[in-house]
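The values are calculated or read from the model by the stated rules, or taken from the named source; none is laboratory data. All of these numbers come straight from a predicted model, not from anything done at the bench. Using ideal geometry, Cβ is built from the backbone for each residue, glycine included, and neighbour counts are taken over all protein chains shown.
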Amino acid sequence: MIEKIDAGQLEIIMEFITEARELIDEVEPDILILEDKTGDDPDQELSRETVDDLNAIFRLFHSMKGGAGFLGFNNVVESTHTAENLLDKLRTGTINLTSNHVDLLCKSCDFTKEALDYIEENYNDEGMAEASRELVRLFTEDVSPGNSATKGQKSSQPKEINEEPSVAKVDPSPEINLDMDMADLVNPEIRQKFLEESDDLLQEVESDLLKLSENQQDSESIEKLFRNFHSFKGNCGFLGFSDLEKLGHMAETLLDALKTGASKEGERIADLLLELIDVFKNSLEDIVKGNNGKIEGLELYLEVMNNLLPRNLQIEIKGSSSRIGDILVRQGAVKEEDVQDALEAQQKPLGEILVEKGKVSADKLDKALKVQEKLREPTQKSPIERRSVKRQDIRVDIDKLDNLITLIGEMVIAENMVIHNPDLQHLDVELESFNKAGQHMSKIVRELQEMAMTIRMVPISGLFRRMIRLVHDLSRKSGKKVELKLDGENTEVDKTVIEKISDPLVHLIRNSMDHGLEPNEQRKDIGKPEIGTISLTASHEEGDVLITIVDDGRGLDRKKLIAKGIEKGIVKGDGSQLSDKEAMQLIFQPGFSTAEKVTDISGRGVGMDVVRQNLESIKGRIDIHSEPGQGTTITLRIPLTLAIIDGMLIRTGHAHYILPILSIRESFQPSMEAITVTPDGQEMVKVREDLLPVVRLHGMHNIVPDYEDLSKGILIVLEGRIGSNICLFVDELMGQQQTVIKGLSEYINHTGEVSGVSGCTILGNGEVCLILDVNSIEESVAKE
Amino acid sequence: MTENSKIRLDEDDDLYDDDEDTQKDKYLTFRLAGEDYGIDIAFVTEIIGIQKITEVPDMPEFIRGVINLRGKVIPVMDVRLRFKLAPRDYDERTCIVVVDIEDNAVGLVVDEVSEVADIPESQVESPPQSGRGKSSRYLKGMGKIDEEVKILLNVDKLLYEEEMEAILEATNN
């Protein structure tokens, strides 16, 4: 157990937690896939796929266990170990897969998640002992022979899993009995991970070795080195790179000798290991190429290392010693006894004595000496190009990324300022070359901007995978069988966006499961496929991300919605004036729920409000389309990034504004006949069949416009989230442009609330330009 | 925004030093409606010429809007309007003094910037308590240089005292 935590240790723990979380996210969907296989004929051999799945799950649990064991999180080790045992039995066919097993595995995922949270706070997992014991008990009950459907032959008695939470009882090396299929298990992904990790390890090792060679007493470095070599060796062994494993093992032995004080040769060991780093690197390079990392002259290296060990610890290595006497004996140049004699009398170099004694000829010694030279300088004979293993990813602080993106945003503005600089317009010269250069620069800046944006992008698959678990759990709870279809998991979305849509997705899927889909029997009765379907799709569309959730359930009932709306006092009159769309939007009202009863899944009417708020905060939109009896389609439309929007520059009088393109439906110049003024002075304009209220932008902000006459300016039809459209009257549309969103400064926000404005941006001419907030304009119209 | 239209008080300037002591008792003085005012130099980050201000709706009258200061959007307050003095058209002498309080940059529009003056504490009298207008709340004291009197402003209050004013106005009505 860890007594005190130093910074390095902490880092390792944090890394472990992050990694383990990723592993769990990966493993959960796989476990749920197994669920479908539970119905298979028990006497049939497991299909190849199932075995693959089991192996995959096994691997992940195994890696988790390894990490936890290394850090001394025994409770985690234990729970993962029991899970591993179960999986092992499943894949060897000792017991049959049942849905109970799937549940158990899910539970152990949950446990591990909890344990990770605990570790994150306390840096140990002692508090999880109880839960771990409970989990192990559950597993034991299930795996014990009486309880599970053992296959015909009672091949191997399930291994006893002790309830005592002691690591000693945990088989520390379950790989041993798995050796044979390990080779199959090494998929390219694992290989890649191994290579990246090893690269990191070697870099660390290198710097620690340098420290060590300067200060032999640096016990901290020795410890760290030992640990690193140990993990490295473990990885190599796990993946079957035996040469690397041997070399790593030897390095470990050397460091162990240093650690225990058996060897005082710190400096020499450090120097030797430093030289060997290249050997490791070359071997890794070999693995990159798809080979098994064979090390040429491995024996020689091992021997050199062995020789550095104190004599009593030295390992006998057959046929390879770098001592000149041994070499001579091996070459048949001298007899062993002669060497012994010579050694006893040794004052001068052994070779010379032997020559003097006439036991060996001078050229033979020369030859032997050359061999020795070669042996003693193993690294100089590795002229293979010194390319380090290529890294595939790095972790970067998200703040740094944000700063980078802000800077690039400023650059876009600065670039605009240069290219459209007013000074240039006073020049009477043809600026051909300047314009060319300017265009070139714009192109690069654009590309840079796009590149920076993609850095923040992550595939949505992780989020989607979490939904698999959710649907599984909900389907258990509600007893409805549901099929979840995922599509477009590779769609990349800004990381903040992913965080923001996680909750809405959960709510939407819950709603579909609970309110949308009918119970299986009912579905059968009304002639729908018995198992309901929810499909979750992500795709890109014109700079937006579209996420659709489609279910084939009841659909939303307009009458019910309106009745509820009237009851809640949200809808006035009998509600017949509402369009279908407006009626659907009712469900986003806080506290609005048409569910007759509140279940533990949903029905309190909080969910959709959360959905709306979260989407608003990322400037997204939500559309609902529903056919009663056919199902519901919910579409989330989210801008790809939050920092930059596509804007339309508009002008009224001297003032410029940006409107988000997303909210513009159309623009037109109205004819006089289309305009009606109500008795209270509200102007309305007829757009096809709809009568829309007109909002004069200049009126909102007290600006003197070019045109007062509606038929002279431009009307822009805007669509906000309320669903009712409005027409904004402006003087001129000036064109579309990429808009870098900036806040209006804290001082302004502190001083008062600015209505109808969501932020600002800086135009090419350096002027600050406000970005209009369509939703709040619409709301203020609705209030009047 | 052009380099020559502003005076930057940075490392190259004798007036500016990291050492707190050298900034002590130093005030940037400016003119406003015929009177001399001063603000603590420690708050001042730079002085720029007047430039195009984008109006922001729903703001008190004295917040004229926002400007672009090298890619940063900062609000601008007209000190005349803050003190309820008669507004005056901006000209080439009008300056924006950028002050920084707790990492919030705010521009102050003044008629013209005069100089950086040294007013030791002994020469600062506390502000008149009776004060006819409400503006006296923004005052830190009256600084005397020989025969001249500079009205020293409390920048913090100048920026953040508006809630109080709103309450006062509400009760008066």
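Looking at segment A:445-463, which of its residues are buried (at least 17 other Cβ atoms within 10 Å of the Cβ) and of a type in the set (S, T, N, Q)?
A:GLN449, A:SER461
Can you tell me which residues in segment A:57-98 are touching a helix residue (DSSP H, G or I) at 6+ places or on another chain (Cβ under 6 Å), over 25 Å from A:ASN228 (Cβ atoms) and either surrounded by fewer than 20 Cβ atoms within 10 Å (Cβ to Cβ) or of a type in the set (Lys, Arg) (or both)?
Listed by number, the list holds a single entry, A:ARG91.
I'd like the full set of residues that are assigned to a strand (DSSP E or B), facing chain B (nearest Cβ under 10 Å) and small (Gly, Ala, Ser), limited to segment A:758-784.
Scanning segment A:758-784 gives a single hit, A:GLY759.
Can you pull out every residue in segment A:683-692 that is within 49 Å of the chain's Cα centre (by Cα) and assigned to a strand (DSSP E or B)?
Within segment A:683-692, A:VAL687, A:ASP690, A:LEU691, A:LEU692 qualify.
Which of the residues that make up segment A:447-472 are in contact (Cβ under 8 Å) with a residue 12 or more places away in the chain and among the charged types (D, E, K, R)?
A:ARG456, A:ARG465, A:ARG466, A:ARG469
Residue check: is A:ILE634 assigned to a strand (DSSP E or B), within 14 Å of chain B (Cβ to nearest Cβ), buried (at least 19 other Cβ atoms within 10 Å of the Cβ) and not acidic (Asp, Glu)?
Numbers: assigned to a strand (DSSP E or B): yes; within 14 Å of chain B (Cβ to nearest Cβ): no; buried (at least 19 other Cβ atoms within 10 Å of the Cβ): yes; not acidic (Asp, Glu): yes.
No; evaluated as a whole, the condition is false for this residue.
Quick check: anything in segment A:473-485 touching a strand residue (DSSP E or B) at 6+ places or on another chain (Cβ under 8 Å) and under 19 Å from A:GLY620 (Cβ atoms)?
no
With in a helix (DSSP H, G or I) and either in contact with a Ser or Thr (Cβ under 6 Å, 6 or more places away or on another chain) or closer than 20 Å to A:CYS106 by Cβ (or both) as the only criterion, which of A:ILE498, A:ILE509, A:ILE534 stands out? Outline the logic, then answer.
On the way: A:ILE498 fails: either in contact with a Ser or Thr (Cβ under 6 Å, 6 or more places away or on another chain) or closer than 20 Å to A:CYS106 by Cβ (or both); A:ILE534 fails: in a helix (DSSP H, G or I).
Within the list A:ILE498, A:ILE509, A:ILE534, the selection yields A:ILE509.
Could you say whether any residue in segment A:683-691 is in contact (Cβ under 8 Å) with a residue 24 or more places away in the chain and farther than 30 Å from A:GLN577 by Cα?
No, because not a single residue in segment A:683-691 is in contact (Cβ under 8 Å) with a residue 24 or more places away in the chain and farther than 30 Å from A:GLN577 by Cα.
Does A:GLY488 fit the bill of being under 31 Å from the mean Cα position of the chain (by Cα) and within 14 Å of another protein chain (Cβ to nearest Cβ)?
Criteria not met by A:GLY488.
Quick check: is even one residue across segment A:738-749 touching a residue at least 12 places away in the same chain (Cβ under 8 Å), away from chain B (no Cβ under 14 Å), surrounded by fewer than 16 Cβ atoms within 10 Å (Cβ to Cβ) and not in a loop (DSSP other than H, G, I, E, B)?
yes
Given the criteria in contact (Cβ under 8 Å) with a residue 12 or more places away in the chain, under 29 Å from the mean Cα position of the chain (by Cα) and within 14 Å of chain B (Cβ to nearest Cβ), does A:GLY409 qualify?
yes
Listed residues B:ASP156, B:ASP103, B:ASP146; which is within 14 Å of chain A (Cβ to nearest Cβ), at positive phi and at pLDDT below 90?
Values: B:ASP156 fails: at positive phi; B:ASP146 fails: within 14 Å of chain A (Cβ to nearest Cβ).
After applying the criteria, what remains is B:ASP103.
Taking segment B:54-65 as the search range and keeping residues that are facing chain A (nearest Cβ under 8 Å) and either under 12 Å from the mean Cα position of the chain (by Cα) or assigned to a loop (DSSP other than H, G, I, E, B) (or both), which one is surrounded by the most Cβ atoms within 10 Å (Cβ to Cβ)?
Across segment B:54-65, the extreme among qualifying residues is B:VAL56.
Yes or no: A:MET684 over 30 Å from A:ASN403 (Cα atoms), surrounded by 15 or more Cβ atoms within 10 Å (Cβ to Cβ) and within 14 Å of chain B (Cβ to nearest Cβ)?
no
Are any residues in segment B:66-77 at pLDDT 90 or above and either farther than 17 Å from A:LYS742 by Cβ or facing chain A (nearest Cβ under 8 Å) (or both), and if so, which ones?
Here is the first cut: in segment B:66-77, the ones at pLDDT 90 or above are B:66-67, B:74-77.
Hits for segment B:66-77 are B:VAL66, B:ILE67, B:ILE74, B:PRO75, B:MET77.
In this structure, does A:HIS540 turn out to be more than 14 Å from A:GLY631 (Cβ to Cβ), part of a strand (DSSP E or B) and in contact (Cβ under 8 Å) with a residue 24 or more places away in the chain?
yes
Matching residues to (1) surrounded by fewer than 17 Cβ atoms within 10 Å (Cβ to Cβ); (2) closer than 30 Å to A:HIS515 by Cα; (3) of a type outside the set (Phe, Trp, Tyr); (4) assigned by TED's automatic domain parsing to the domain that holds A:GLN738:
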position	(1), (2), (3), (4)
A:ILE413	no, no, yes, no
A:GLN425	yes, no, yes, no
A:LEU431	yes, no, yes, no
A:ARG465	no, yes, yes, no
A:LEU470	yes, yes, yes, no
A:LEU474	no, yes, yes, no
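Yes or no: segment A:706-715 includes at least one residue that is more than 11 Å from chain B (Cβ to nearest Cβ), farther than 30 Å from A:GLU673 by Cα and surrounded by fewer than 19 Cβ atoms within 10 Å (Cβ to Cβ).
No, every residue in segment A:706-715 fails to be more than 11 Å from chain B (Cβ to nearest Cβ), farther than 30 Å from A:GLU673 by Cα and surrounded by fewer than 19 Cβ atoms within 10 Å (Cβ to Cβ).
A:ILE269 - would you say it is at pLDDT 75 or above, farther than 27 Å from A:GLN216 by Cα and surrounded by 21 or more Cβ atoms within 10 Å (Cβ to Cβ)?
Numbers: at pLDDT 75 or above: yes; farther than 27 Å from A:GLN216 by Cα: no; surrounded by 21 or more Cβ atoms within 10 Å (Cβ to Cβ): yes.
The answer is no for A:ILE269.
Regarding segment A:693-704, can at least one residue be identified that is among the basic types (Lys, Arg), more than 10 Å from every other protein chain (Cβ to nearest Cβ) and part of a loop (DSSP other than H, G, I, E, B)?
no
Sort through A:LYS495, A:LYS480 and tell me the only one that's buried (at least 17 other Cβ atoms within 10 Å of the Cβ) and at pLDDT below 85.
Testing whether each residue is buried (at least 17 other Cβ atoms within 10 Å of the Cβ) and at pLDDT below 85 leaves just A:LYS480.
Among residues belonging to segment A:412-445 that are out of contact with any helix residue (DSSP H, G or I) (no Cβ under 8 Å at 6 or more places or on another chain) and in contact (Cβ under 8 Å) with a residue 24 or more places away in the chain, point out the one that is farthest from the other protein chains (Cβ to nearest Cβ).
Among residues in segment A:412-445 that are out of contact with any helix residue (DSSP H, G or I) (no Cβ under 8 Å at 6 or more places or on another chain) and in contact (Cβ under 8 Å) with a residue 24 or more places away in the chain, the one farthest from the other protein chains (Cβ to nearest Cβ) is A:HIS420.
Being part of a helix (DSSP H, G or I) and more than 14 Å from every other protein chain (Cβ to nearest Cβ) is the filter; apply it to segment B:33-53 and report the residue that is farthest from the chain's Cα centre (by Cα).
Looking at the filtered set, the residue picked out is B:ALA42.
Looking at A:ILE703, A:ILE716, A:ILE771, which one is within 18 Å of A:SER667 (Cβ to Cβ), over 35 Å from the mean Cα position of the chain (by Cα), hydrophobic (A, V, I, L, M, F, W, C) and in the same structural domain as A:LEU659 (by TED's automatic domain parsing)?
Answer to the selection: A:ILE716.
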